[in-house]
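One structure below.
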Amino acid sequence: MTTATTPRATAAPLRETSFALGDEVVPYTYGDRCTEELVAGLGAELGAVDRVVLVADAVAPALAEKVAAALAGSRAGGLPVVVLTLTAREELKTLPVVLDLAERAVEAGATRGTVVVALGGGLVGNVAGMVAATLFRGLPLVQLPTTPVAAFDAVLSAKQGVNLSAGKNMVGTFWTPASVWCDLDWLRGVDERQLLTGTAEMAKNVLAVLPEREEDLLTAVDGLGDHGSDALARLLQIGVDAKAPMLAADPHERREALVFEYGHTVGHAVELASRGALSHGASVGWGMLAAAEVSRRLGLLDEAAVAAHARVLTPLGVRAGHPPRLERAALHRLLLRDNKRGYLPGTGDDVVPMVLLEALGRPLAGENGRPLVPVDADLVHEAVDAVLQPS
Ligand SMILES: NC(=O)c1ccc[n+]([C@@H]2O[C@H](COP(=O)([O-])OP(=O)(O)OC[C@H]3O[C@@H](n4cnc5c(N)ncnc54)[C@H](O)[C@@H]3O)[C@@H](O)[C@H]2O)c1
C-alpha cells in the first residue's frame, strides 16, 4: 500500500493520497480553494448512482448549497441531490436522528442505487456513516470533511457510531468510505479550539508513531497562524501517513491501532474534570505529558524523549509547569473510569490501563500484542500530580 501523494491527472489543482482499511483502499483527494473542481471530480467518479443523499452540517448552508449544485451539475441531464441538514451537537448524535435521516432520505426517493455523502465535521461524518451502513443494509459512503479533526483523523477510519446517555459512540458499526474529498479551505471556518484539537491529534500521532516527522509537524504548526495552505496539507498528510499502516493491518482498531489512544487515558479524565474548559486536544496534550512522565518513572523513556513531548506540545499551548486548574479528587476518580478497562479483564482500581511509549514511535506491547499495559495506579496518580499539580 502506498500513501505517497501524487498530483492528480486533471487540470484542477487537486492532489490524491490514499489509505487502506484492511483490504479496501480508500482514495483521498484534496486541494485548496477548489470546491468546484473537487466536487466535479467526485461527481464523475460516482458512476451509475440514481441520486445523492447529502447529509450536511447545518452550520454552513451556503457550502451545502454549493456542493449540492456542483454534484447536480456533474452529470449530463443532472444528478438528483437530496440535501438533509444536521446540527452538529453531541446530544443529537443518536439513533433516533439516524432513523429520522433515513426516513427523510427514503421519502425523498433514496433507493439501493443511492450514495450517501457526508459534508461536515466528525459528528456529521459518523451520523451519515450510520445512515449509509444501515439504509438498505448498506449504501456507499463518501466523506467530505470540513473540520481539521475530521480531515486529519476521523475520516481515516471505518468506525461509525452514535452516543448513548451512558457514553460517546457506544452504538455503532464499521463502514468503510468509498472515497474522501476535501477542500482545505473548508477547514478555515472552524474556531481555535477545533484547530487545536485537530493539531494535537497529529502531535500525538507523531510522538507515538511517526517521530521522524517532528520537523514537518513543527513547520505545519508554525504556518497555522495564517491557516496556510501548506500547513493544512502537511497536517492532512501526517494524519494519513501515521494512521494508514496501522489501519491497513487493524481496520477495527482493536489491536495495534489502539496506539492512537496515546494520551487519552489521562486526557479523557482531564477533559471531564475541566467541565468543558479544556478542549479535547489540549486535554490529550496533558494526557501525553502525563503518559511520558509515567514512562520516565518506569525507566522506559529518556529525558530526550520527554523533551520531544514538550517541543511539540508547547506551541499548542500545553506547557509543562503551567497546568490548568483542575479539581484533584475528581481527576483521580475519573482516571479509574477509563473505557479501555474492558480490554484488560479483571483489573481493579489498583491498575490503570495505558498506552505507553518505550521510545518515541515505539509503543510498549501488552498482552496479545496490543499496545495497552496495566500500570500501577499509585504510580499513575503520582505522575499525574507531578505534571498537572506542580506545587
Ligand atoms: N470515527 C472516528 O474514528 C472518529 C475520530 C475522531 C472523532 N470522531 C467523532 O467526531 C466528532 C468530533 O469531530 P469534530 O471535532 O469535527 O466535531 P463536530 O463535527 O461536532 O464539529 C465541531 C463544530 O464545528 C462546526 N463546523 C463543522 N464544519 C465547519 C466549518 N467548515 N466551519 C465552521 N464550523 C464548522 C460544527 O457545526 C460543530 O459546531 C465527535 O463526535 C467524535 O466522536 C470520530
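The values are calculated or read from the model by the stated rules, or taken from the named source; none is laboratory data. A quick note: this is a predicted structure, and the numbers were derived from the prediction, not measured. Methodologically, a virtual Cβ is constructed for each residue, glycine included, from the backbone with ideal geometry; neighbour enumeration extends over all protein chains shown. Please note that ligands, DNA and RNA were not included when accessible areas were found on the heavy atoms of the full protein model with its side chains. Shrake-Rupley method; radii C 1.70, N 1.55, O 1.52, S 1.80 Å.
What relative contact order, as a whole-number percentage, does the chain give when Cα pairs under 8 Å and 6 or more residues apart are counted?
Relative contact order comes out at 13 percent.
Just from the alpha-carbon atoms, what are the Rg and Dmax of the range 246-388 in angstroms?
In order Rg, Dmax, the Cα atoms of the range 246-388 give 14.2, 40 Å.
Measure off, as a whole percent, the carbon and sulfur share of the 1.4 Å-probe accessible area of the range 6-190, all protein chains present.
Accessible surface attributable to carbon and sulfur in the range 6-190 totals 56 percent.
Rolling a 1.4 angstrom probe over the protein heavy atoms, how many square angstrom per residue are accessible across the range 6-190?
Heavy-atom accessible area per residue stands at 40 Å².
Would you pull out the residues with amide H under 5 Å of GLU358's amide H, same chain only if 5 or more places away, H placed 1.01 Å from N?
Residues meeting the amide H criterion: LEU364.
If all Cα-Cα distances of the range 6-190 are sorted into 10 Å bins from 0 onward, what percent lands in each bin, rounded to whole numbers?
Distribution as computed: 10, 41, 38, 10, 1 percent.
Quick one: check the C-alpha center-to-center distance for the range 199-247 versus the range 86-145, whole angstrom.
29 Å
Once amide H atoms are placed 1.01 Å from N in the peptide plane, what residues at a sequence separation of 5 or more from VAL26, or on another chain, have their amide H within under 5 Å of its amide H?
Those lying under 5 Å, H to H, from VAL26 are PHE19, ALA20, LEU21.
Give me a comma-separated list of calculated 3J(HN,Hα) values for the range 172-184, in order, Karplus coefficients 6.51, -1.76, 1.60 applied at θ = phi - 60°, integers in Hz, x for any Gly or Pro.
Coupling constants for the range 172-184: x, 7, 10, 8, 7, x, 6, 6, 10, 9, 9, 8, 4 Hz.
Could you order TRP175, TRP186 by accessible surface area, starting with the largest, using a probe radius of 1.4 Å?
My answer, sorted largest first, is TRP175, TRP186.
To the nearest 10 square angstrom, what accessible area does HIS322 show with a 1.4 Å probe?
About 110 Å², ignoring ligands and nucleic acids.
Suppose a student asked you for the relative contact order of the range 209-273, using Cα pairs under 8 Å spaced at least 6 residues apart; what percent would you report?
22 percent
Give me the aspartates and glutamates in straight-line cross-link reach of LYS204: C-alpha distance below 12 Å, same-chain residues under 8 apart excluded.
Once the sequence-local aspartates and glutamates are set aside, what remains near LYS204 is ASP153, GLU214, GLU261.
Which three extents, in angstrom, do the Cα atoms of the chain have along their principal axes, listed largest first?
The Cα atoms of the chain stretch 68, 40, 37 Å along the principal axes, largest first.
If you count, for each residue, the other Cβ atoms within 10 Å and average over each peptide, how do 88-99, 261-272, 365-376 line up from highest to lowest?
Ranked by mean Cβ neighbours within 10 Å, highest first: 261-272, 365-376, 88-99.
If you project the alpha carbons of the range 146-255 onto the principal axes, what extent comes out on each, in Å, largest first?
38, 30, 28
Less than 20 Å apart at the alpha-carbon level, and either on another chain or at least 8 residues along: which lysines does that give for LYS93?
LYS159, LYS168
Roughly speaking, what is the centre-to-centre gap between the range 248-320 and the range 19-35 when only Cα atoms are used, to the nearest Å?
27 Å
Using the Karplus curve 6.51 cos²θ - 1.76 cosθ + 1.60 with θ = phi - 60°, what ³J(HN,Hα) values do you get for each residue of the range 71-78, in whole Hz, with x for Gly and Pro?
Karplus values, whole Hz, x for Gly and Pro: 5, 4, x, 7, 10, 4, x, x.
What number comes out for accessible area per residue over the range 242-307 if the probe is 1.4 Å? Units Å², please.
Per residue, the range 242-307 has 34 Å² of solvent-accessible surface.
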